[in-house]
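Chemist: Have a look at this one before I ask anything.
The values are calculated or read from the model by the stated rules, or taken from the named source; none is laboratory data. What you are looking at is a predicted structure, and each value in this text was computed from that prediction instead of being measured. Using ideal geometry, Cβ is built from the backbone for each residue, glycine included, and neighbour counts are taken over all protein chains shown. All accessible areas refer to the heavy atoms of the entire protein, side chains included, with ligands and DNA or RNA removed. Shrake-Rupley method; radii C 1.70, N 1.55, O 1.52, S 1.80 Å.
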Amino acid sequence: TEGSEENKGLSKEQLANQTRRVRRRMLGNIKFIGHLFGEKILNEKIMHECIRRLLSSDDEDTVECLCKLMSTIGVLLDHKEARHYMDTYFEMLSKMAKQITVSRLKFMIQDVIDLRRNHWVARRETTGPKTIAEVRQEAAKEGIVLNVPPPRGGPPGPPMGGMPGGMGMGPGGMRPGAMD
């Protein structure tokens, strides 16, 4: 927190960076715990306790962790024997969503509720960032010409746009004849 001893003397930017790092680490730990449960290294009783503790706080970071954990392990916990626990958790989540004023958190909670309602099948495919090659491949499929230079050191590819008549950029990003 801002008033703690370890944060004295830090600029606002440094404090914001530190907060981001802590948040990212916390979300990573939650995701890791979920994966440990998925590999049956942690038992279900521990996971229910984690969820109860996360539900007991309306702190922004805690709510985000709760949503991440529920989306990671909800499908594994939502079975006949634990259905009454899950129903209770989701009732609490719904109440929490109505009380929270931060839109980002409301939508995050609603996404988890929708995920359960949709039998834990995501509305859209969750993928990571695409490589430049994947972006180029998709653009080629859609007939879009990208004006992006090819990767350095790689094989030269087909022209990606440039001047009419097939003339592209010369060395150093200059047009041919501009070097004279």
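Chemist: If I stretch the segment between LYS141 and ASN43 completely, what's the gain in nm (0.36 nm per residue apart, minus their alpha carbon distance), one decimal?
Modeler: Numbers: separation 98, 0.36 × 98 = 35.28 nm, distance 4.63 nm.
The LYS141-ASN43 span can extend by a further 30.7 nm.
Chemist: I'd like the accessible area for ILE33: 1.4 Å probe, protein heavy atoms, all chains in place, Å² to the nearest 10.
Modeler: Here the accessible area works out near 50 Å².
Chemist: LYS98: which lysines have alpha carbons under 29 Å from its alpha carbon, excluding same-chain residues fewer than 8 sequence positions away?
Modeler: The reachable lysines, counting only those whose Cα sits under 29 Å from LYS98, are LYS31, LYS45, LYS68, LYS80, LYS106.
Chemist: Here's a follow-up. What FRET efficiency do you get for ARG117 and ARG20 if R0 is 41 Å and r is their Cβ-Cβ distance, rounded to the nearest 0.05? Mind showing how you got there, number by number?
Modeler: On the way: r = 32 Å, r/R0 = 0.77.
The value I calculate is 0.80.
Chemist: If you don't mind, another one. Take the Cα of VAL102, step 7 Å along the line toward its Cβ, and report every residue of the range 59-80 whose backbone nitrogen sits under 20 Å from that point.
Modeler: Only 59-72 fall inside the zone, counting backbone N under 20 Å.
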